[in-house]
Amino acid sequence: MLIAQITDVHLGFEPDDPAEFNARRLNRVLRWLIDGPNRPDMLLVTGDLTDRGDADSYRRLANALSQCPFPIHCCLGNHDNRANYRVHFPDATFVDGFNQYVVALDGLRLVVLDTLEPGRHGGAFCETRAAWLSAQLAADSSTPTVIVMHHPPIEVGIAWMNTDPREPWVVRLVDALAGHDQVKALICGHLHRPVAAQWHGMTLAACAATAPQVTLDLRPIDPAEPDNRPLVIADSPAYALHRWSGGQLVTHFDTAAEHIMLAKFDKKLQPMIESLIAERPR
């Protein structure tokens with residue numbers, strides 16, 4: 001099973017331009033997934049679907065995603081607006097006012113969480129959301145499970161994008177997940193960079209953005225002293241492919257950019273390919 005992920009679309013950053021930079025980047029990634037060699041079985045869109053949470057940007061997003069010939073499942077990020085999202089995504093599932101739901105696949109469960117708190121850049125996970133998660137995990141303790149959410153609950157070293165592990169919402173999430181060994185991984189966005197980490201015995205994979213990326217700069221930052229460091233860069237729009245083999249989730253990160261071919265599978269390289277395949281047990 002091949003699960004594609006895009007994140008941090010930020011549609012509507014230029015609200016008066018229907019052909020805005022972020023829209024072009026989104027369409028480039030979608031065409032890459034649709035027409036490329038790795039067409040996925042489904043697509044996750046992990047938050048910051050729009051930049052300002054306005055209804056028109058959700059309309060444009062729904063229209064862009066309609067070209068996809070595979071199922072799509074979204075979650076919400078800190079730039080999103082639940083009410084406006086529901087207008088143009090009327091089939092979205094909400095429980096107790098939060099966009100949380102389970103996707104049951106063949107031998108795998110995706111549990112999608114809502115980490116949006118209006119007015120806050122970082123994540124949130126209240127007692128109501130935590131109780132729902134606990135109930136879902138208790139309902140099926142045997143099927144391998146992946147948590148899908150916008151905010152990574154980890155400190156990644158980029159000072160202005162970090163999450164402090166002592167934040168109450170992170171502690172609440174840790175408590176809800178404790179003892180549930182069926183949870184194998186977390187799939188996140190928010191960072192505008194590809195990041196992989198181990199977190200409480202689980203694999204965490206954060207996808208880079210379709211919108212512009214955050215600069216990889218691990219130096220400390222003093223909010224009172226602007227130092228002219230680059231914060232956001234126009235690297236290529238990105239996506240991830242999560243390959244579920246029935247027992248393991250393997251994540252690949254890529255960009256929707258021209259890849260210059262240096263070698264191809266022709267008669268010249270056929271012996272090498274044959275020898276590599278022959279090394280494997282049969």
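Side notes on the structure shown:
- Expressed as a whole percent, the accessible area of the chain that falls on carbon and sulfur atoms is 53 (1.4 Å probe).
- Surface analysis of the chain yields an accessible area of 50 Å² per residue, using protein heavy atoms and a 1.4 Å probe.
- Distance from the alpha carbon centroid of segment 28-105 to that of segment 141-207 works out to 20 angstrom.
- ARG280 accessible area, assembled protein chains, probe 1.4 Å, Å²: 140 Å²
- Once the Cα gyration tensor of segment 182-268 is diagonalised, semi-axes √(5λ) in Å: 29, 23, 10
- Checking every one of the GluC sites (Glu not before Pro) in segment 212-280 against DSSP loop status and a limit of 13 other Cβ atoms within 10 Å picks out GLU258, GLU279.
- In the chain, a dipole from Cβ-located charges (positive for Lys and Arg, negative for Asp and Glu) runs towards its positive end, and of TYR101, TRP132, PHE70 it is PHE70 whose Cα lies farthest in that direction.
- Reachable aspartates and glutamates, given that their alpha-carbon falls under 18 Å from the alpha-carbon of LYS264 and they are not under 8 places away in the same chain: GLU274
- Electrostatic dipole magnitude of the chain [Cβ: Lys, Arg +1; Asp, Glu -1; Cα centre; debye, to 20]: 900 debye
- Distance histogram in 5 Å bins (all Cα pairs of the chain, percent per bin): 1, 5, 12, 16, 18, 17, 13, 8, 5, 3, 2, 1, 0
- Dipole of the chain, positive end: most advanced residue of THR46, ALA159, LEU249 [Cβ charges, Cα centre]: LEU249
The values are calculated or read from the model by the stated rules, or taken from the named source; none is laboratory data. Bear in mind that the values here come from a model prediction, so they are computed numbers and not experimental data. Here Cβ is always computed from backbone atoms with ideal geometry, including for glycine, and neighbour counts include all displayed protein chains. Ligands, DNA and RNA are excluded from the accessible area calculation, which covers all protein heavy atoms including side chains. Shrake-Rupley method; radii C 1.70, N 1.55, O 1.52, S 1.80 Å.
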